[in-house]
Amino acid sequence: MVRYDITFFSDFDIYLFKEGNHFNAYEKLGSHIIEVDGKKGTYFAVWAPNAERVYVIGDFNGWELSHPLSVRWDNSGIWEGFIPEIDKGTKYKYYIISKYGYHLEKGDPYAFFWEIPPATASIVWDLEYKWNDEEWMKNRVKRNGLNCPISIYEVHLGSWRRVPEQGNRFLTYRELAEWLPKYVKDMGFTHVEFLPVMEHPFYGSWGYQTIGYFAPTSRYGTPQDFMYLIDKLHQNEIGVILDWVPSHFPDDGHGLSFFDGTYLYEHQDPKKGYHPHWHSYIFNHGRNEIRNFLISSAVFWLDKYHIDGLRVDAVASMLYLDYGRADGEWIPNKYGGKENLEAIEFIKRLNETVYEKYPDTQTIAEESTAWPLVTHPTYIGGLGFGMKWNMGWMHDTLYYFSKDPIYRKYHHGELTFSIWYAFSENFVLPLSHDEVVYGKSSLLNKMPGDQWQKFANLRLLFGYMYAHPGKKLLFMGGEFGQWDEWYHEGSLHWHLLDYPEHQGIQKLVRDLNNLYKTEPALHELDFSPAGFEWIDCSDADQSVVSFLRKAKDPKNVIIVVCNFTPVPRFNYRIGVPFKGYWREILNSDSWIYGGTNHGNTGGVEADQIPCHGRPYSLCLTLPPLGILFLKCQGIV
């Protein structure tokens, strides 16, 4: 039966746990296969401080109340016990009888593996795996740093590609490992970002209603299968970022809500503990044990799965007590303000811990407000993130591009405004999944005009994103111009690549990625005003902008010129800093991308004619709805 003389906890562990600073709690809590006195079995530990009794039930005992755990004597609220002969693959839950009379069947918050939903049991599992990504891990700092080119391909694993002849089923992690790394590498992206892979009961939540904070979803395979996918990506020199949701969790009965018959993981008052928009519970970030749980989850993915970064979802909902609430529906902080002081301290501690333990990884905030210093160090009052999604750029740029070109001159300021704040944070420029769902249209269908103009506009949008300061993120399907919105129950429309126009979009994205990676001027100073300089931002009447992107080497400069109208501009003169031949290194209107091939026959010699405050100038042909990248050959 159950042995109670086995424990994973030292007195120091308990001290850290109570203090809220035990960030490897996944090594202690949950289920762990061990051998005791020559007998294999599983050690169980669960935090349930308001329980009267706790049992482990499962397929090993007919789901009967025959295997009770014992509560520790130290007031930690942890129940534990060793059950012999329970091995890998055993399904189990905790049966909790609350001090207040509630009877609950709960999955293990620290489980490494779960049944495939809608089944709800946790599964005893190990994390043994032989990694083959030593080269990547050793050199990751050179590919994952803030001065590196970071171009992210955002992926929902269940709908990237499916198998229609087999009932439209998902690809498994191992099948994805054969297809996805090759594709991402061929396209030139440096990283993938997965919509949440942590176990979630409702597939339609895309993973954002997480229930298993230490388990990849079993829909696509085992934990080792997911490790294999990450391993293959790393072997192809592709970093892996996971979406991670420490803000809220679903109200499913087998999950975290009302865990031990009390509001344990969530706030008791619905004005603080229930999210009206998402119908989910909000973590009590001020509770020490919850800080252990969440920061341990973040560390877990970096530790056990070699993850290179975490994109933290819904940060704004954590920062503001009135987020999504009307007057009278929220409780002010102790100073009378709307800032969530407990969540702010949690976020700072999270980032400090991640960067202390794994300084070659990144945390990325999805934060949609003007909260200051999101990507600044905590010691100067910042939140401590490495990067932040630039939601303002995304909104303003897509709004501008949605306008018929004849009206764009009246919205010129919305295009250029982003540079005024571009260096206030370390920004990622996202064209994300959120922009191609719920009636918002695909990127291609957001573009105005006839079919030619839609494709030309989309090529221009991508060129402008890669030219603009900031790291890049593009949701799957955008890279070949999918017509329809993303649908999580179906595959991307790969058949569109039978058509030249879509092939052209895909080739342009591939070339933009490779240009971005190989040209230091386009990535080295993404987060510094020294990396950008306007040539002319005031030509609203012709809807043209021109600017310089600069590397640390002052002679390494790329000129970018954008024409946001379908009218070619001939003899368009711009000032340049150097004499010499300026080679046209990319033209989005080239015939190889499906354009009209307006351009400058490979390049232009600079004239000794001052313009825009510079000693030399170029006389250019600007392609319709096109972008030019030019680089000086042999600077004089």
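Across all C-alpha atoms in region 246-355, the radius of gyration and Dmax reach 14.2, 44 Å.
Normalised size of region 498-636, defined as Cα radius of gyration per 2.2 N^0.38 Å with N residues, equals 1.03. Per residue, the average separation of C-alpha pairs within less than 8 Å and at least 6 apart gives the chain a relative contact order of 10 percent.
The relative contact order of region 59-184 comes to 13 percent, based on Cα pairs under 8 Å that sit 6 or more residues apart. Each label was represented as a point 7 Å from its Cα along the Cα-to-Cβ direction; for residue 21 and residue 130 these points are 4.0 nm apart.
Which whole number of Å³ per residue matches the convex hull of the alpha-carbon atoms in region 115-203? Working shown, then result.
Values: hull volume 13.3 nm³, N = 89.
Convex hull of Cα atoms, per residue: 149 Å³.
Which value, to two decimals, describes the C-alpha radius of gyration of region 329-368 once divided by 2.2 N^0.38 Å?
Working: Rg = 13.6 Å, N = 40, 2.2 N^0.38 = 8.9 Å.
Cα Rg divided by the expected 2.2 N^0.38 Å: 1.52.
Listed values for region 167-178 are Karplus-derived 3J(HN,Hα) couplings in whole Hz (6.51 cos²θ - 1.76 cosθ + 1.60, θ = phi - 60°), namely x, 6, 6, 5, 7, 7, 4, 6, 5, 4, 5, 7, and x replaces Gly and Pro. From the P(r) of region 12-63, could you give the percentage of C-alpha pairs in the tail past 14 Å? That fraction is 66 percent. Dimensions of region 542-585 along the principal axes, based on C-alpha atoms and rounded to the nearest Å, stand at 35, 19, 18, largest first. Taken about its Cα centre, the chain carries a charge dipole of about 1440 debye when Lys and Arg each add +1 at the Cβ and Asp and Glu each add -1 at the Cβ. Compactness of region 295-344 is given as radius of gyration and Dmax, 15.1, 44 Å, from Cα positions.
For region 33-97, what does the convex hull of the Cα positions come to per residue, in cubic angstrom?
Details: hull volume 5.4 nm³, N = 65.
Value for region 33-97: 83 Å³ per residue.
Every helix of 4 or more DSSP H residues in the chain counts as -39500 (n - 2.57), and over all residues that averages to -7000 deg cm²/dmol at 222 nm.
Quick check: convex hull over the Cα atoms of region 49-200, volume per residue in Å³, rounded to an integer? Let's see the in-between values first.
On the way: hull volume 31.3 nm³, N = 152.
Looking at region 49-200, the number lands at 206 Å³ per residue.
Where in region 594-613 does the amide nitrogen come within less than 19 Å of the point 7 Å from the Cα of residue 538, taken along Cα to Cβ? Taking a point 7 Å out along Cα→Cβ of residue 538, the residues of region 594-613 whose backbone N falls under 19 Å are 610-613. The charge dipole of region 558-627, taken about the Cα centre with unit charges on the Cβ atoms of Lys, Arg (+1) and Asp, Glu (-1), comes to about 160 debye, rounded to the nearest 20.
Taking the Cα centre of region 1-131 as origin, sum charge times position over the Cβ atoms of Lys and Arg (+1) and Asp and Glu (-1), and report the length of that vector in debye to the nearest 20.
On the way: 13 positive and 19 negative charges, 47 e Å.
Dipole about the Cα centre, nearest 20: 220 debye.
Per-atom-type breakdown for region 168-279 gives carbon and sulfur 53% of the accessible area (1.4 Å probe, protein chains only). Pull up the cross-link candidates among the lysines for residue 409, meaning alpha carbon to alpha carbon under 21 Å and not fewer than 8 places away within one chain. List returned: 446, 454.
So if I average 1/r over every pair of distinct C-alpha atoms in region 84-162 and take the inverse, what Kirkwood radius in Å does that give?
About 17.3 Å for region 84-162.
Karplus-derived 3J(HN,Hα) values for region 185-192, using 6.51 cos²θ - 1.76 cosθ + 1.60 with θ = phi - 60°, are 5, 4, 6, x, 5, 8, 9, 10 Hz; glycine and proline are entered as x. For q values of 0.19 Å⁻¹, compute log₁₀ I(q)/I(0) with the Debye formula on a Cα-only model of region 321-445, without solvent. Log10 of I(q)/I(0), two decimals: -1.13. When a 1.4 Å probe is rolled over the protein heavy atoms, the share of accessible surface on region 539-636 that falls to carbon and sulfur comes to 53 percent. Computed in the context of the full set of protein chains, the accessible area of region 290-434 at 1.4 Å probe radius has 53% of its extent on carbon or sulfur. Heavy-atom accessible surface of the chain, averaged per residue, reaches 37 Å², computed with a 1.4 Å probe. Here the 3J(HN,Hα) profile of region 400-416, calculated from phi with Karplus coefficients 6.51, -1.76 and 1.60 at θ = phi - 60°, is 4, 5, 6, 7, 4, x, 5, 9, 5, 5, 7, 10, 4, x, 5, 6, 8 Hz, Gly and Pro shown as x. When the Cα convex hull of region 126-265 is projected onto planes of every orientation, the mean area is 10.3 nm². Along the axis of the charge dipole computed for the chain (Cβ charges of +1 for Lys and Arg, -1 for Asp and Glu, origin at the Cα centre), the listed residues 300, 503, 30 are led at the positive end by 503. Against the chain, whose longest principal axis is taken from its Cα atoms, helix 341-357 shows a tilt of about 80°.
Dividing the mean sequence gap of close Cα pairs (under 8 Å, 6+ apart) by how many residues region 168-252 holds gives a relative contact order of 39 percent.
Which loop chymotrypsin sites (Phe, Trp or Tyr not before Pro) in region 291-349, with loop taken from DSSP, have no more than 11 other Cβ atoms within 10 angstrom of their Cβ?
335
With a Förster radius of 56 Å applied to the C-beta separation of residue 33 and residue 407, the computed FRET efficiency comes to 0.30.
For the chain, the Cα gyration tensor yields ellipsoid semi-axes of 50, 25, 22 Å (square root of five times each eigenvalue, largest first, whole Å). Over region 420-576, the alpha carbon radius of gyration divided by the compact-protein estimate 2.2 N^0.38 Å works out to 1.11.
The values are calculated or read from the model by the stated rules, or taken from the named source; none is laboratory data. Computed from a predicted structure; not experimentally measured. Cβ sites come from the backbone with ideal geometry, for glycine too, and all protein chains shown count toward neighbours. Surface accessibility is based on the protein's heavy atoms, side chains included, excluding ligands, DNA and RNA. Shrake-Rupley method; radii C 1.70, N 1.55, O 1.52, S 1.80 Å.
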